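Inspection log for the structure reproduced underneath, given as structure tokens.
All of the numbers you see were taken from the coordinates with simple rules; none came from a lab. Just so you know, these numbers come straight off a predicted model, no measurement behind them. Cβ coordinates were reconstructed from backbone atoms using ideal geometry, including for glycine residues, and neighbour counts include every protein chain displayed.
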Amino acid sequence: MKDIHCGMLIKLINDKLYKNLNKELKEVDITYSQLKFLFFMNDMYNANMPSYLKSFEQFFSVSQPTVVGIIKRLEKKGLIYLTNDEVDKRIKIAHLTDKGFEVCNICIANKYNTEKKILKNFTKQEEHQLQELLKKLYENID
């Protein structure tokens, strides 16, 4: 892999990670978009905050129909359920089911194992240095 420029290396790394992620997600029968919603709900649950459907629109910068579509598919798979806000019945709140929490935990473990795998030959100093360089790279992109 000599003489491959940074942009191509980033693309190759992304492609490999994406391929592995899709394989893992296929095992739990969800898409990447659905995973992001489950992780968001899990984070909101851990922060003791409700997952209003409007929150998904704002956090992910997506339209209301997009949110509704993803939420309906997660509900159909038994990973979430919806309730109405007690004060304003028009407002919907999404909740993880036990199965939803289980899928989140599996995916969190997979994420941890993937990171462990890709950093296995790195010292702690190299990990820190890589993280700082990646942040710098990210900040350079507008």
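Rg/Rh, computed from the Cα trace of the chain with Rh as the Kirkwood radius, has the value 1.05. Peptide packing for 51-63, 110-122 was compared via the average number of neighbouring C-beta atoms within 10 Å per residue; ordered from the highest value, the list is 51-63, 110-122. Peptides 93-101, 18-26 ranked from most to least packed by the mean count of surrounding Cβ atoms within 10 Å: 93-101, 18-26.
In summary, the aspartates and glutamates within cross-link reach of Lys16, defined as a Cα separation below 16 angstrom excluding same-chain residues under 8 places away, comprise Glu24, Glu115. If I model a spin label as a point 7 Å beyond the Cα along the Cα-Cβ vector, how far apart are those points for Glu102 and Asp43 in nm? Each label point lies 7 Å from its Cα, and together they span 2.6 nm. Relative to the Cα centre, the charge distribution of the chain, modelled as +1 at Lys and Arg Cβ and -1 at Asp and Glu Cβ, gives a dipole magnitude of about 440 debye.
Working ranking of peptides 65-72, 2-9, 36-43 by packing, defined as the average number of other Cβ atoms within 10 Å per residue, highest first, is 36-43, 65-72, 2-9. If R0 is taken as 30 Å, the Cβ-Cβ distance between Ile118 and Asp29 corresponds to a FRET efficiency of 0.75.
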